Amino acid sequence: MPDVSEKEFTLVVLEIILNIRRLGALQVQDIKIKKQEEWTTANNLSSGQISLFIGLSILASKIEDDTLVLIDEPETSLHPAWQRKYHELLMQISQHHQNCYFFIATHSPIIISEVDPQKHAIFNLSPENLLPSAHVHSEAPRSIEEVYASYFDILTPNSFLVKTVIIKAVQAYESRDDRKFRELKSELTSMLSEMDQDLRTLAQEVIKKEIKRG
């Protein structure tokens, strides 16, 4: 028997089991899950975990080369910790197949933040965006706040993102970097309507400023 990894062996066994079940010769009566070193029945899982398990099991049994997979809002009822793992799980399922593509519609900033824009395309389908380059991103947002602003056109209350842009604008103003200052003022202006009142007042004061030459 050729040398195979534990993962490859598991996949072969799983495929055999699934084929036997398709033939009607196997009936699943219960599913046991190992959770924190203890085995528990699937009845004790949350609705989100059950949905995730069933969905990924069906995908793993059906996917083949040249498959196009459409997934709508996988985050529904799913704990944030599982949302972080979702992209990794999809990649594990598809790694043994070629030319597989996933189209995922999501409102989860956590799922988006786990995707590498250098390897995957991320689109904001909104006609207007808070950030200038938000339609197709080539750099990963560094925080959940940036994901909300970039992809969902939403600023969180007392936004740290806005505060950071204000600080950078003030620094550009003090260093008399006119080009950078204008870019940051434009960014603040685009976000102005979504800011809470205190930040809006502060941002407006920065926007009013001009770097005088001479």
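Just so you know, all these numbers are worked out from the coordinates, no wet-lab data involved. Not measured: the values here are computed from a predicted model. Virtual Cβ from ideal backbone geometry, glycine too; neighbours counted across all protein chains shown.
A few comments on the model shown:
- Gain upon complete extension [Ser186, Arg213; 0.36 nm per residue less C-alpha separation]: 7.8 nm
- Out-of-range pairs (alpha-carbon distance over 24 Å; input Lys32/Lys119; Lys32/Lys85; Lys180/Lys209; Lys85/Lys163; Lys180/Lys208; Lys119/Lys180): Lys32/Lys119; Lys85/Lys163; Lys119/Lys180
- If R0 is taken as 22 Å, the Cβ-Cβ distance between Asp65 and Ile16 corresponds to a FRET efficiency of 0.65.
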